[in-house]
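Read the structure below first, then the notes.
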Amino acid sequence: MSLTYELDATAHSLKCGLLASKMSALLDRRPGEPLSASDKKVIEAATQCIRELTQGAEILSSGRSTAGVTSDAIKSLGFALHPLEKVIGEGATSNEAIIGVLSKMEAALVDLVGAEVMPQRKSELTLTGEFFAFVADSLLSSLNRSRMPREKSLKF
């Protein structure tokens with residue numbers, strides 16, 4: 001394994017961990033709190049991440065490549081499988097179940113990016129928040145870090 005590959009994998013892990021941490025914190029907000037333009041950029045990035053995971057799952061499920069799908073989709077799915085198992089339940093992790101849950105998460109994020117304030121938590125949004133929290137904790141724990149509890153987060 002080359003050093004370049006290890007650095008690329010570490011950089012990808014950090015990128016995914018930071019996005020997941022930001023998204024988890026955003027979804028922890030109380031209903032009615034305003035969503036800023038920067039919040040919407042984070043939501044759009046998370047939506048793209050979920051879309052990429054769905055594409056990776058579809059490739060692995062069908063065995064056929066889809067136009068526009070990169071190797072990052074499958075690599076990202078590798079990071080996401082354990083958190084998906086935690087959110088879905090370890091007994092219900094068929095390809096169809098994973099794709100179905102990811103589709104629900106994507107729909108919840110698409111709705112959220114169009115909102116002006118944090119909506120009431122529906123089950124899909126709660127599931128999405130739990131997923132991103134698991135991803136953040138999983139990836140950041142490899143760096144001996146964890147998400148800061150909401151009460152202790154720093155304000156800049």
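The values are calculated or read from the model by the stated rules, or taken from the named source; none is laboratory data. Given the structure is predicted, the values throughout are model-derived calculations rather than measurements. All Cβ positions, even for glycine, are placed from backbone atoms using ideal geometry, and neighbour counts span all protein chains on display.
Of the residues contained in segment 96-119, none is found to be modelled with pLDDT under 85 and outside any helix (DSSP H, G or I).
Of all residues in segment 47-78, those satisfying the criterion of being of a type outside the set (A, V, I, L, M), modelled with pLDDT under 80, part of a helix (DSSP H, G or I) and out of contact with any helix residue (DSSP H, G or I) (no Cβ under 6 Å at 6 or more places or on another chain) are S62, S71, D72, K75, G78.
Looking only at segment 125-156, residues that are touching a helix residue (DSSP H, G or I) at 6+ places or on another chain (Cβ under 9 Å), acidic (D, E) and modelled with pLDDT under 90 come to 1 in all. Of the numbered criteria (1) under 14 Å from L81 (Cα atoms); (2) out of contact with any helix residue (DSSP H, G or I) (no Cβ under 9 Å at 6 or more places or on another chain), the one Q120 fails is (1). A search for C-beta distances below 7 Å between a residue of segment 56-82 that is farther than 27 Å from F134 by Cα and any residue that is buried (at least 16 other Cβ atoms within 10 Å of the Cβ) and modelled with pLDDT of 65 or more, counting only pairs 6+ apart in sequence or on different chains, returns S65/I59; T66/Q55; T66/E58; T66/I59.
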